[in-house]
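Read the structure below first, then the notes.
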Amino acid sequence: MELSVFKIDGKESGKKVVLDEKVFGVEPNDHAIYLDVLQYLANQRQGTAKTKDRSEVAYSTKKLGRQKGGGGARHGSLKANIFVGGGRVFGPVPRSYRNKLNKKVKALARASALSYKAKEDGIIIVENFAMEAPKTKELLGILSAIKAGDRKVLVVLPENQANIYLSSRNLPEVKVITVDEINTYTIMNAHKLVLVDGVQEILASRA
């Protein structure tokens, strides 16, 4: 697939780039995408949820009544789960939700996500640019000029540029990352993919 490279004012630069078929033209594998997104979301979880069981709640351990003849259930203390303030039964405890995924499956998932975007005309190539200072309005102007749309936009830079990143922090629909941070979830979560010229070559070299 061949795409034009746009200038930041929205005009074509005259340069054309060819997207590598190994990355942007594979047959999408939905299950690989599902597994990679599942792993990404699971790895975001802290796993710090915790409740107290009956051995941990601060209550008297005095037996409430005699074992037999009371006409009711037999209770050892107020720590039982059926009492208000009692311990929780089978409550959550700190754990790790992290899971592993084969590198080849992750690579297939990423290529599948990029191929989906390419088929949907969801990829825009823009010339390499820099910003002298963090200016949200300027970044919005650039995205508007290249017709990135008003829905979720993922801007991928070949290397870290603090001013571009800082300009996007107040825009909930715009996410700026470097090519090292790209993953299946961020690709699928975006409506348009804005690749700064050179990113497509880095992705192809890592396929």
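The values are calculated or read from the model by the stated rules, or taken from the named source; none is laboratory data. Keep in mind that this is a model prediction, so the values were computed, not measured. Note that we place each Cβ from the backbone using ideal geometry, even for glycine, and neighbour counts take in every protein chain shown. These accessible areas exclude ligands, DNA and RNA; they are computed on the full protein's heavy atoms, side chains included. Shrake-Rupley method; radii C 1.70, N 1.55, O 1.52, S 1.80 Å.
Go through the residues of region 96-108 one by one and say whether even a single one is in contact (Cβ under 8 Å) with a residue 24 or more places away in the chain and out of contact with any helix residue (DSSP H, G or I) (no Cβ under 8 Å at 6 or more places or on another chain).
Looking for residues that are in contact (Cβ under 8 Å) with a residue 24 or more places away in the chain and out of contact with any helix residue (DSSP H, G or I) (no Cβ under 8 Å at 6 or more places or on another chain), one finds at least one in region 96-108, hence yes.
Residues are listed down the side, and each one gets a yes or a no for (1) open to solvent by less than 70 Å² (accessible area, probe 1.4 Å); (2) within 25 Å of residue 31 (Cβ to Cβ):
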{"site": "74", "(1), (2)": "no, no"}
{"site": "91", "(1), (2)": "yes, no"}
{"site": "106", "(1), (2)": "yes, yes"}
{"site": "122", "(1), (2)": "yes, yes"}
{"site": "133", "(1), (2)": "yes, no"}
{"site": "150", "(1), (2)": "no, no"}
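Please go through region 41-67 and give me each residue that is open to solvent by 70 Å² or more (accessible area, probe 1.4 Å) and within 30 Å of residue 104 (Cβ to Cβ), ordered by number.
Result: 41, 44, 45, 46.
Helices (runs of 4 or more DSSP H) wholly in region 113-207 with at least 2 residues that are within 16 Å of residue 6 (Cα to Cα) and either hydroxyl-bearing (Ser, Thr, Tyr) or touching a residue at least 60 places away in the same chain (Cβ under 8 Å) (or both) - which ones?
136-145
Taking the conditions exactly as written (at pLDDT below 95, of a type outside the set (A, V, I, L, M, F, W, C) and open to solvent by 80 Å² or more (accessible area, probe 1.4 Å)), does residue 25 satisfy them or not?
no
So which residues in region 5-22 are open to solvent by less than 40 Å² (accessible area, probe 1.4 Å) and either outside any loop (DSSP other than H, G, I, E, B) or of a type in the set (S, T, N, Q) (or both)?
5, 17 - these are the residues of region 5-22 that are open to solvent by less than 40 Å² (accessible area, probe 1.4 Å) and either outside any loop (DSSP other than H, G, I, E, B) or of a type in the set (S, T, N, Q) (or both).
All but one of (1) surrounded by 20 or more Cβ atoms within 10 Å (Cβ to Cβ); (2) under 14 Å from the mean Cα position of the chain (by Cα); (3) farther than 17 Å from residue 107 by Cβ hold for residue 175; which doesn't?
That leaves (1) as the condition not met.
What number goes with the only condition from (1) exposed (fewer than 15 other Cβ atoms within 10 Å of the Cβ); (2) touching a residue at least 40 places away in the same chain (Cβ under 8 Å) that residue 32 does not pass?
Of everything listed in (1) exposed (fewer than 15 other Cβ atoms within 10 Å of the Cβ); (2) touching a residue at least 40 places away in the same chain (Cβ under 8 Å), residue 32 misses just condition (1).
Looking at 152, 137, can you tell me which residue is of a type in the set (D, E, K, R) and in contact with a His (Cβ under 7 Å, 6 or more places away or on another chain)?
152
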